[in-house]
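Visitor: Please find one structure pasted underneath; my questions will follow.
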Amino acid sequence: MREEILRLLFAIVLLIFIKLIINVYRLARTKLFMEKYTNWILSETRDYSMTEFKSEVVELWKAAGIKNCSFVRLEDIGYGNAIQIQEFLFDHFPSIYEDMAFLTKRSFHEAIGVYKKRIIESVNPLYWIMVIIDWPQKLTDKLNLHLKQGLVNVFRLVWWVLGLIATLYLSLYPEHVKIMLEKSIGI
């Protein structure tokens with residue numbers, strides 16, 4: 001029984017460590033690219049070097065939950081005429097246009113804030129308790145199941161009842177649980 005507890009504890013620590021390392025890495029990369037972008041925007045001679053990082057920057061923004069925002073700009077086509085052009089951040093990164101540069105910097109800062117928050121969450125026990133409590137809600141969100149709140153609450157109730165039954169069974173019959181685990185997964 002002690003070995004199982006140590007394995008479970010190791011798995012929990014490993015999960016926390018993995019979440020922490022992933023978000024520290026993403027934070028460092030986001031800061032690096034923001035600095036590169038800032039230097040690129042301020043340089044007199046802009047080359048295509050920032051374009052090399054486009055896919056990774058967009059991945060970092062998406063992983064942080066940053067939405068692909070857009071802005072409309074007018075472009076002079078001559079003879080007193082102009083056309084409206086809608087540009088999307090993810091498609092037009094990097095861009096030298098002032099409005100797009102503002103959106104780009106804002107997106108970098110927003111992503112940095114998300115990654116800092118996730119790093120703090122990684123070591124916060126209250127966050128992990130809330131993960132367990134809100135697991136049914138998070139599952140329906142991840143699966144894009146647009147369920148009414150009442151149905152989600154039913155899932156939560158079932159989750160809590162199953163958790164309560166499992167806890168009671170584990171505390172009342174630990175040997176039975178050990179035997180079941182040995183038979184089912186070979187622990």
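Visitor: Residue check: is Ala82 outside any helix (DSSP H, G or I) and farther than 27 Å from Val58 by Cα?
Guide: On the way: outside any helix (DSSP H, G or I): yes; farther than 27 Å from Val58 by Cα: yes.
Yes; evaluated as a whole, the condition is true for this residue.
Visitor: Continuing with this model, one more query. Could you please tell me which pairs satisfy a Cβ distance under 7 Å, a separation of 6+ or placement on different chains, a first residue in segment 125-141 that is within 18 Å of Ile16 (Cα to Cα) and modelled with pLDDT under 75, and a second residue that is among the hydroxyl-bearing types (Ser, Thr, Tyr) and not in a helix (DSSP H, G or I)?
Guide: Going by the 7 Å Cβ cut-off, there are no qualifying pairs.
Visitor: Still on this structure, I have one more. Conditions: (1) without any contact (Cβ under 8 Å) to a residue 24 or more places away in the chain; (2) touching a strand residue (DSSP E or B) at 6+ places or on another chain (Cβ under 6 Å); (3) within 27 Å of Gly113 (Cα to Cα); (4) not basic (Lys, Arg). Asp99 meets all but one. Number of the miss?
Guide: Against the list (1) without any contact (Cβ under 8 Å) to a residue 24 or more places away in the chain; (2) touching a strand residue (DSSP E or B) at 6+ places or on another chain (Cβ under 6 Å); (3) within 27 Å of Gly113 (Cα to Cα); (4) not basic (Lys, Arg), Asp99 comes up short only on (1).
Visitor: Please go through segment 93-106 and give me each residue that is among the aliphatic types (A, V, I, L, M) and part of a loop (DSSP other than H, G, I, E, B), ordered by number.
Guide: Filtering segment 93-106 for residues among the aliphatic types (A, V, I, L, M) gives 96, 100-101, 103.
Within segment 93-106, just Ile96 meets the criteria.
Rundown of residues vs (1) in a helix (DSSP H, G or I); (2) over 19 Å from Glu121 (Cβ atoms), yes/no style:
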position	(1), (2)
Leu9	yes, yes
Leu14	yes, no
Val24	yes, no
Tyr37	yes, yes
Glu56	yes, yes
Asp91	no, yes
Phe108	yes, yes
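Visitor: Here is a further query. Taking only pairs six or more apart or across chains, which ones have beta-carbon atoms under 8 Å, a first residue in segment 54-73 that is closer than 19 Å to Arg29 by Cα, and a second residue that is small (Gly, Ala, Ser)?
Guide: The qualifying pairs are Leu60/Ala111; Trp61/Ser107; Trp61/Ala111; Ala64/Ala111; Ile66/Ser107; Ile66/Ala111.
Visitor: Starting from residues that are closer than 30 Å to Asn23 by Cα and loosely packed, with under 13 Cβ neighbours inside 10 Å, keep the ones in segment 69-98 and report whichever is modelled with the highest pLDDT.
Guide: Going through the qualifying residues, I end up with Asp91.
Visitor: Separate question: Output yes when any residue across segment 59-77 is touching a Phe, Trp or Tyr at 6+ places or on another chain (Cβ under 6 Å), over 30 Å from Val161 (Cα atoms) and not in a helix (DSSP H, G or I), and no when none is. Spell out how you get there, then give the answer.
Guide: First, the residues of segment 59-77 that are touching a Phe, Trp or Tyr at 6+ places or on another chain (Cβ under 6 Å): 68, 70.
Now drop any that are not over 30 Å from Val161 (Cα atoms), which leaves 68, 70.
After this cut, where a residue has to be not in a helix (DSSP H, G or I) as well, the list is 68, 70.
Yes: one or more hits.
Visitor: If you take the residues of segment 155-187 that are surrounded by 13 or more Cβ atoms within 10 Å (Cβ to Cβ) and farther than 25 Å from Ile16 by Cα, which of them is modelled with the lowest pLDDT?
Guide: By that ranking, first place goes to Val177.
Visitor: Considering only segment 135-150, how many residues are in a loop (DSSP other than H, G, I, E, B) and within 16 Å of the chain's Cα centre (by Cα)? Step through it out loud before you land on a result.
Guide: So in segment 135-150, the residues in a loop (DSSP other than H, G, I, E, B) come out as 143-148.
Next, only the ones that are within 16 Å of the chain's Cα centre (by Cα) stay: 143-144.
Total satisfying the criteria: 2.
Visitor: Next question. For residues that are of a type in the set (Phe, Trp, Tyr) and within 15 Å of Glu35 (Cα to Cα), scanning just segment 99-124, find the one that is modelled with the highest pLDDT. Break it down stepwise before answering.
Guide: Step one: filter segment 99-124 for residues of a type in the set (Phe, Trp, Tyr), giving 102, 108, 115.
From what is left, the residues that are within 15 Å of Glu35 (Cα to Cα) are 102, 108.
Details: Phe102: 89, Phe108: 96.
Filtering segment 99-124 for residues that are of a type in the set (Phe, Trp, Tyr) and within 15 Å of Glu35 (Cα to Cα), the one modelled with the highest pLDDT comes out as Phe108.
Visitor: If you go through segment 86-117, how many residues are within 21 Å of Arg73 (Cα to Cα) and in contact with a helix residue (DSSP H, G or I) (Cβ under 8 Å, 6 or more places away or on another chain)?
Guide: Going through segment 86-117, the residues within 21 Å of Arg73 (Cα to Cα) turn out to be 86-107.
Narrowing the set further to residues that are in contact with a helix residue (DSSP H, G or I) (Cβ under 8 Å, 6 or more places away or on another chain) leaves 87, 89-90, 92-96, 101, 104-105, 107.
Counting residues in segment 86-117 that are within 21 Å of Arg73 (Cα to Cα) and in contact with a helix residue (DSSP H, G or I) (Cβ under 8 Å, 6 or more places away or on another chain) gives 12.
Visitor: Does Thr51 satisfy the condition of being among the polar types (S, T, N, Q), touching a helix residue (DSSP H, G or I) at 6+ places or on another chain (Cβ under 8 Å), part of a helix (DSSP H, G or I) and over 28 Å from Asp141 (Cα atoms)? Quick ask: steps written out before the conclusion?
Guide: Details: among the polar types (S, T, N, Q): yes; touching a helix residue (DSSP H, G or I) at 6+ places or on another chain (Cβ under 8 Å): no; part of a helix (DSSP H, G or I): yes; over 28 Å from Asp141 (Cα atoms): yes.
No: the conditions fail for Thr51.
Visitor: With the condition kept exactly as written, say whether any residue in segment 15-38 is polar (S, T, N, Q) and exposed (fewer than 15 other Cβ atoms within 10 Å of the Cβ). Spell out the reasoning first.
Guide: Kept after step one, since they are polar (S, T, N, Q), are these residues of segment 15-38: 23, 30, 38.
If we keep only those that are exposed (fewer than 15 other Cβ atoms within 10 Å of the Cβ) as well, we get 38.
There is at least one residue in segment 15-38 that is polar (S, T, N, Q) and exposed (fewer than 15 other Cβ atoms within 10 Å of the Cβ).
Visitor: Only one of these conditions is not met by Arg118: (1) part of a loop (DSSP other than H, G, I, E, B); (2) of a type in the set (Lys, Arg); (3) surrounded by 15 or more Cβ atoms within 10 Å (Cβ to Cβ). Which number is it?
Guide: (1)
The values are calculated or read from the model by the stated rules, or taken from the named source; none is laboratory data. All of these numbers come straight from a predicted model, not from anything done at the bench. FYI the Cβ positions are ideal-geometry reconstructions off the backbone, even for glycines, and counts take in every protein chain you see.
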